[in-house]
1. Tell me, what is the Rg over Rh of the range D:187-343, with Rh the Kirkwood radius over Cα pairs?
2. Please state, rounded to one decimal and in Å, the Kirkwood hydrodynamic radius that the range D:1-46 gives when every pair of distinct Cα atoms enters the mean of 1/r.
3. Just want the ordering: A:HIS30, D:HIS264, from fewest to most Cβ atoms lying within 10 Å of their own Cβ.
4. Can you list the HN-Hα couplings for the range A:302-316, worked out from phi with the Karplus curve (6.51, -1.76, 1.60; θ = phi - 60°), rounded to whole Hz and with x for Gly and Pro?
5. If you average the sequence gap of Cα pairs under 8 Å that are 6 or more apart and divide by the length of chain D, what percent do you get for the contact order?
6. What is the local net charge at D:SER139, summed over the other residues whose Cβ is closer than 14 Å to its Cβ (Lys, Arg +1; Asp, Glu -1)?
7. Taking a 25 Å limit on the Cα-Cα distance, which of the listed pairs C:LYS132/D:LYS18; A:LYS124/D:LYS326; A:LYS6/C:LYS261; A:LYS124/A:LYS157; B:LYS68/B:LYS260 fall beyond it?
8. To the nearest 0.05, how large is the calculated FRET efficiency for A:ARG65 and D:VAL306 if R₀ is 25 Å and r is the Cβ-Cβ distance?
Protein chains: 4
Amino acid sequence: MIVVMKRGSTPEQIEAVKQRIESHEGLQGHLSGGVERTVIGVVGQIFPELKDELERLEGVAEVVRISKPYKLSTREFRPHDTMVKVGDALIGGAEPVMMAGPCAVESEDLLMACAEQVKSEGAKILRGGAFKPRTSPYSFRGMGVQGLKLLAKAREKYGLPVVTEVMSTEDVGMVASYADMLQIGTRNAQNFNLLEAVGKTRKPVLLKRGFSSSYEEWLLAAEYVLSGGNNQVVLCERGIRTFEPFTRFTVDISAVPVIKKLSHLPVIVDPSHSTGSWELVTPISLAAIAAGAHGIIVDVHPNPTVAKCDGAQALTFDKFHDMSAKIKAVSMALKPAKVKQPA
Amino acid sequence: MIVVMKRGSTPEQIEAVKQRIESHEGLQGHLSGGVERTVIGVVGQIFPELKDELERLEGVAEVVRISKPYKLSTREFRPHDTMVKVGDALIGGAEPVMMAGPCAVESEDLLMACAEQVKSEGAKILRGGAFKPRTSPYSFRGMGVQGLKLLAKAREKYGLPVVTEVMSTEDVGMVASYADMLQIGTRNAQNFNLLEAVGKTRKPVLLKRGFSSSYEEWLLAAEYVLSGGNNQVVLCERGIRTFEPFTRFTVDISAVPVIKKLSHLPVIVDPSHSTGSWELVTPISLAAIAAGAHGIIVDVHPNPTVAKCDGAQALTFDKFHDMSAKIKAVSMALKPAKVKQPA
Amino acid sequence: MIVVMKRGSTPEQIEAVKQRIESHEGLQGHLSGGVERTVIGVVGQIFPELKDELERLEGVAEVVRISKPYKLSTREFRPHDTMVKVGDALIGGAEPVMMAGPCAVESEDLLMACAEQVKSEGAKILRGGAFKPRTSPYSFRGMGVQGLKLLAKAREKYGLPVVTEVMSTEDVGMVASYADMLQIGTRNAQNFNLLEAVGKTRKPVLLKRGFSSSYEEWLLAAEYVLSGGNNQVVLCERGIRTFEPFTRFTVDISAVPVIKKLSHLPVIVDPSHSTGSWELVTPISLAAIAAGAHGIIVDVHPNPTVAKCDGAQALTFDKFHDMSAKIKAVSMALKPAKVKQPA
Amino acid sequence: MIVVMKRGSTPEQIEAVKQRIESHEGLQGHLSGGVERTVIGVVGQIFPELKDELERLEGVAEVVRISKPYKLSTREFRPHDTMVKVGDALIGGAEPVMMAGPCAVESEDLLMACAEQVKSEGAKILRGGAFKPRTSPYSFRGMGVQGLKLLAKAREKYGLPVVTEVMSTEDVGMVASYADMLQIGTRNAQNFNLLEAVGKTRKPVLLKRGFSSSYEEWLLAAEYVLSGGNNQVVLCERGIRTFEPFTRFTVDISAVPVIKKLSHLPVIVDPSHSTGSWELVTPISLAAIAAGAHGIIVDVHPNPTVAKCDGAQALTFDKFHDMSAKIKAVSMALKPAKVKQPA
């Protein structure tokens, strides 16, 4: 942390800042005078509140943080890629993982049809919402426990591990008893009690980015899970809120390479919820894979016009088939060996 | 709801859309042919999923919603202003209500000093956080139940009703047993389980706007509370996330007149958390009152440099005194009688 | 400027950074070793490209700017408030200045009616667009020179100085020959050639904030004008682009106190173009004045439903009358003397 | 256009709206009564100001536009893809086109070295700025005419057509006399005079998206060029402004498939200016190609640490070589034939 003094700050003010810093055990202030102004480097174990404290002192122009506030999720803490295992699927390696299924579990027939289809196209994890966070209280909000039971049944029948959302601390244990991976939705991305609760389980967590979370806030949300002792976290870019009204959200593909740089955790992309439009799902999935994502999570539905939830963004089985083929092609094209010998 | 057909859509496509609409009990489709394209008005009880359903049909260019998805919070549902009573304070009338206190309850001494001070300046409600949502798990997260007990003690001593945040469905009953008003924070603005839980109590609710919620989403969040049977909801603008990095958030003063137009619920402003800077608290408070806000909620602290939470934005007692005087002056200046006879 | 080295950067890397800094004449690098990492303070006349240069060197984690890139517009450069004189109007003092008139000059009758009305309500400057920047090439784009002539005629008849927009470097001389103040619109806020061109005139400039300009970019735009030798610049907050679709833009009232803190230039607010809705103009004007703005600029029209440009946001004469009375009341209520003795 | 009346609007109000519509020659209003409210469809040649006009009438709740305001750039106007020819390069076909070169022309040696390198890697167009729009007046602003001459020299020597930015209406003729393609930068994306000026030339135009322009505004900017008679326009996504501070802008990859859906004009991506970081250039370029972009435009520099402009984002020659190979691989993988027979 660096304290930048105002031009013309007095020696007394500078000394007072230094003393304030050193009044905290284990902290030291190092002066560095310039032509125009003095800066004071703070050395030691910095706590989050220190910035506010120092910024209000007389003569201080600005306090600049120079270390990241997240720790356990950083490359500096753990240089090697974390691999997250969900059933037999391994997320975080060279092979991108496809997660797919209906937005919401609506019925046994629907779920089984989706599971069969997505498995045959190479998906490794079945998605499906039993508890649905909905902006309006008047929308369909999921089948609840009955939906979880159907997911468990689909896992048994098709051998696919399942990922599903948990919305409330009270439900964590129950959802964890059915699911292979717990999803934290974008609207709960800063529901800190919920993050802590899944951090106490030993189930893998799919942590969606809050649609207005910065990378830093997203990694701090992961930090809540990791600091509970659960290091099986997969980060999922799902679109951020911007001024553009045409797409539901703006998918931030740069999140893929940036998160891979900052953190050892795997990062995947949700092209369905980010765009809100099935026509954009294939190009965005391909973009995600080309940018290096460890996987994607996609909504499919045999008959999207009657879907109870987000039908506009679901791929039909045919479209999903086409997309899967293209994903394989892009993925193979970028395998290290191939790149070294481009025709 | 209006279905806009593409130019050149066929009579068969138009008929198919009409039939699909009318396949839902109680819905009718009214054709209206133009020079360039056909539009179909949908009449009847529209459900949220209908838009997605119709948008995927052949020949459809766009589906446009023309009624608001929120109901109980609208002026159309209830034309007259709702008044919310918290202890003796009445929010929603001609007199703006000041809520003030420390960001977090840190100690009994601190809380009592604040309570005494804010009461003497005319505040009607004491604020103070016992459970603090913090972006980083390594920040101070509040005194918990002990903080609630101190708030109750301050109420008894100073006769001020108290508002405090509840972060988890499990805690709603407990917090409600101490507090006079339950606050839902910005990061829980779309924690739908929590909204439902406070909707089942009969305590007044202070519902902060999600920092990326549109007005519509904010009113739909209120709808979760209202549809639970609790109509004592006060909306609080607390800044939205924008590209501007200088202020912590961008306070959206237009929210005040817009919400007053759309809804019968009272609307107040939080100048402290929106700006993140004590220097901006007074001007933004005055702006809020001038724009017609039903009140403000402000952080105060006798010694902000040692505050355990958000010290940068807290007003000292002196500054709070100055601000209170100015608020009274602006408020009086805009009383109907005075305006009619400007010098 | 501070160079933060990565943890584990080598002494050779640190030395290389220091040498690179000192390879530029007049720059010095000051090392400051911490427990965790080394930081290097850069002392001397820093040029904008240095950050990029140093950030690419081996072992560098981050380069942090600690001084502002704008100079002539800062309080540090000129501590006292700049007053801008337009005709007899003085902008930047204790008395807020009202600028008002039609969005576009449409006809002589319209302009004269508006001029008469706004003058009688206390406006000091007449606004009116002759060259209109329009998002669509198919919209009405102003009367051009003929509009300028009408503005000059209105000035003569009513004794009001006029402000009008200039859109092109080629037009600067011509517009300046008619207008008392040159307006740079939001869409030209980073049209650097145009900024330079008005910087070479000696006419006062009304510099609207780009709807996506940060405060820093806005002040740098002013810097283009000031560095040309023209220090008669008034900054105008006119709404920024956010995710909220209800209002045309989100007016950022915090810009008023922030700009007053950072800069000596006067700052006013445009409640018409920022909100896009006449119903919001009065509350936002009052908010601006209460927050300390040096003035407002408002669209008025005797019959807004037939306005050729932005009719939705124009105040009728009646509404303008009401608003003017309220502005006076708020302004008087906040005069220093009154505040010191609140009833 | 659809006029939605308020619930409870009177027959007189409805009639008045209808009459107002029909007072404009060639417009008709079609009533459509619902259970809850009346809507009036407007049929005929709608002009942009009509929305504002109708919205202020008594009893009107909302006016909803249902046709797009842009015309010449739409798929409806021209269903087939436009191909833009720049020298021998053809943009808009199956083969993505690479444009590359230094951010700014700094010297003859630099430019020639870049031209040789990018040509050998398969780039079809040489980029290089002679006039540089810079946020600060104190930054390097380009070599001007001398830079244009060097670009022309590089074209002769290496047979690469050149694209360079024009910033001012006065310079259009001069820049067009040296360049093969005129670039309109993001900060001039709504400089309507400049757009008109390049629309009057017959040079291909590279139109960057304004960093806060919606797709609609971007296409309306293109409309200014097209309506001048110049239909050789290539659209370039270059990142939009969001709340995320880590990247300079947020590149919006969805723009690629959306623009291809809405418009017949080619669309490319600038991974350098959008991210501001060389480390992100390769993944974002690959994402763009995978999403279907017709090309990319990239900054390269033999020694980025001494670049006079945006060194942080330039690729070294080595990195550019690696990227080019990967782009070819992804591009080939997505060729129709290959996809039909995935292993």
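No lab work stands behind these numbers, since they all come straight from the coordinates. A quick note: this is a predicted structure, and the numbers were derived from the prediction, not measured. Reconstructed Cβ throughout: ideal geometry from the backbone, glycine too, with neighbour counts over all protein chains shown.
1. On the way: Rg = 16.6 Å, Rh = 16.6 Å.
Rg divided by Rh gives 1.00.
2. Details: mean 1/r = 0.0941 Å⁻¹.
10.6 Å is the Kirkwood radius here.
3. Values: A:HIS30 17, D:HIS264 20.
Ascending Cβ contact count within 10 Å gives the list A:HIS30, D:HIS264.
4. Along the range A:302-316, the couplings run x, 8, x, 5, 10, 4, 7, 7, 6, x, 4, 9, 6, 7, 6 Hz.
5. Working: 703 pairs, mean separation 50.1, N = 343.
Reported relative contact order: 15 percent.
6. On the way: positive: C:LYS51, C:ARG65, C:LYS71, D:LYS132, D:ARG134, D:ARG141, D:ARG187, D:LYS308; negative: C:GLU49, C:ASP52, C:GLU53, C:GLU196, C:GLU216, C:GLU217, C:GLU223, D:GLU106, D:ASP310.
Summing Lys and Arg as +1 and Asp and Glu as -1 gives -1.
7. Working: C:LYS132/D:LYS18 30 Å; A:LYS124/D:LYS326 27 Å; A:LYS6/C:LYS261 14 Å; A:LYS124/A:LYS157 14 Å; B:LYS68/B:LYS260 16 Å.
Check vs 25 Å cut-off fails for C:LYS132/D:LYS18; A:LYS124/D:LYS326.
8. Details: r = 29 Å, r/R0 = 1.18.
Calculated value: 0.25.
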